1. Rank these by accessible area, largest first, 1.4 Å probe: Glu163, Glu87, Glu236.
2. Considering the options Gly162, Phe77, Met107, tell which one lies farthest towards the positive end of the dipole of segment 68-226, charges being +1 on Lys and Arg and -1 on Asp and Glu at the Cβ, about the Cα centre.
3. For the chain, take the longest principal axis of its alpha carbons; what is the angle in degrees between that and the long axis of helix 15-26, to the nearest 10 within 0 to 90?
4. Quick one: if the Förster radius is 35 Å, what FRET efficiency do Lys168 and Lys141 give, using the C-beta to C-beta distance and rounding to 0.05?
5. Counting only residues 5 or more places away or on other chains, whose amide H sits under 5 Å from the amide H of Asn211 once H atoms are built in the peptide plane?
6. I'd like the carbon and sulfur percentage of the solvent accessible area for the chain, probe radius 1.4 Å, heavy atoms only, ligands and nucleic acids excluded.
7. Return one number: the angle in degrees, 0 to 90 and rounded to the nearest 10, between the long axis of the Cα atoms of helix 470-486 and the longest principal axis of the Cα atoms of the chain.
8. Can you figure out the FRET efficiency of Lys112 with Glu41, using R₀ = 22 Å and their beta-carbon distance, to the nearest 0.05?
Amino acid sequence: KEITDAPILIIGSGYGGAVSALRLCEAGKKVVMLEMGLNWEKSGIPFSNMLKPGKSAAWLKKKTIAPFMNIFSLTPFTGTLDRMDFEHINIWVGRGVGGGSLVNGGMAVTPKESYFREVFPDLDADKFYSTYFPLVHKELKVNVIGEQFLKDCPYYKFTRVGEAEAHKAGFKTIRVPNVYDFQYMEKEYKNEVPRSAFNTEVIYGNNHGKNSLDKTYLKKALETGNLEILDLHCVENIKLNEDKTYTLNVQQTDTSGAVVADKVFNCKKLILAAGTMGTLRLLLKSNAVNHFPIHEQIGKSWGNNGNFMTGRNWVKPLSGGTGAKQSTIPVGGIDNWEDKEHPFFTEIAPLPMGMDVATALYLLINRVDKKGEVSYNVNSQKLNLNWDQSNTAKMKENADYFIKKMNRANGGTRSHFLFNNGFGADVCYHPLGGCVLGKATNEYGKLKDHNNLYVLDGSLIPGTIGVNPFVTITAIAEYCIENLIRQNEFA
Ligand code: FDA
């Protein structure tokens, strides 16, 4: 087996991994990053759009795995979108250099300060709102759509209709910032540059316009000359050595998923940034197969960030429905968070199917009052998730309240076309928690019971943050790595 020694290893190239890499490289440290997905930029393979799913559409699957309308068959390839199926919930994640930033909708939402304080009572919220969130906005290139463009552009009819209907029903709407470059979008509308958001590109990757991590944090980290990214390298398990260093068993694969090399990596310092499910799998599996020590809090306080999908159909399309042409980039939301009985935030989501399906799609984000727990099943070698309808009961009640109120004011029915009974309780885009900051780790993400192991990703957030999570994940990673470097953890 090929053996590599690296002083600092990072597993995963999503938000937490990319932030850690940049700050360590800037501090002059040599960093090796292992990513199980493909380096799409280097491969030169284009991303496919939603109407013609190709290589990038799914992680080693024979059929597409979008939340609905999976009529397309595929040749298995290490695509960008993966789905983990549990009994009561399906969890979508991004794969590839850039992690979730390759497949997500780019919605860059800062959490409500009051909720942030409730979720993280021990963090200095003032510092987050004055320093870390603004820093993250700058690094991720967050921007806002021009109101005139939004008003005129046929690709945003779904947002205009969604907002008008929400107002009629008495709801408050908000403009949602995004990492998609809206100046680029205005040019693509005029056909001055190749189309991406207006060409149904998003959940299988964007070829243009979107400032995913490979264009921001990872690009800057690579420019220091201190970062090496090894793609198609999947970490199978971790061993703690007597001298408190770590040994990783790694499989290198080709793009069909076949293993081409078994490798061993040794490191002094290890950062787990494999995303909530990836990090939990590595910790729990390594514990089961290698007696890897894990703290009792690992796996606890897991949540779906209150994700609940629902939709509405109009019997008679309202003023022509939401339009056949739809941008894939959401820019509108309904903010009902202050309602004591039914607190939720919902994205006014696009449904770019190339035809007017007279359907409005919403991804609700609710509080998570009942958390789940993740464990590892040695026999099936899979994660167990203690999560069922009782965890989503209040979310369903909120969705029902929302849809009924919208339909009363605007006409329409619950969308049975999209989901079995119009409720997608099993759709999760935002798995969070299981390795909670200050509980399973110290105040800066260093794992309890370990000397040289850190977790910096979505698993630090205790299952809920009230809005789309990547801005918070990035800000927490910035905060943790800054303090870990200051404490000479990587000296
Ligand atoms: P992230 O999941 O980004 O990265 C982890 C990386 O580790 C992945 O690249 C993975 O392949 C790799 N990895 C895992 N296990 C490994 C192993 N054993 N060995 C090597 N590598 C391994 N959020 C938001 O704020 N706004 C939005 O608009 C959206 N929209 C959205 C749409 C869709 C379809 C999805 C699936 C998700 C979103 N999200 C979102 C959620 C957001 O993308 C998500 O919360 C973050 O990407 C999580 O960041 P992390 O750093 O935790 O891990």
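The values are calculated or read from the model by the stated rules, or taken from the named source; none is laboratory data. A quick note: this is a predicted structure, and the numbers were derived from the prediction, not measured. Quick reminder, even Gly has a Cβ in these numbers, built from the backbone with ideal geometry, and neighbours come from all protein chains shown. Heads up: the accessible areas ignore ligands, DNA and RNA and are worked out on the full protein's heavy atoms, side chains in. Shrake-Rupley method; radii C 1.70, N 1.55, O 1.52, S 1.80 Å.
1. Glu87, Glu236, Glu163
2. Gly162
3. It is inclined by approximately 50 degrees.
4. Values: r = 35 Å, r/R0 = 0.99.
Computed FRET efficiency for Lys168 and Lys141 comes out at 0.50.
5. Tyr180, Asp181
6. Values: 9370 of 19080 Å².
Here carbon and sulfur together make up 49 percent of the probe-accessible area.
7. 20 degrees
8. Numbers: r = 35 Å, r/R0 = 1.59.
E between Lys112 and Glu41, to the nearest 0.05, is 0.05.
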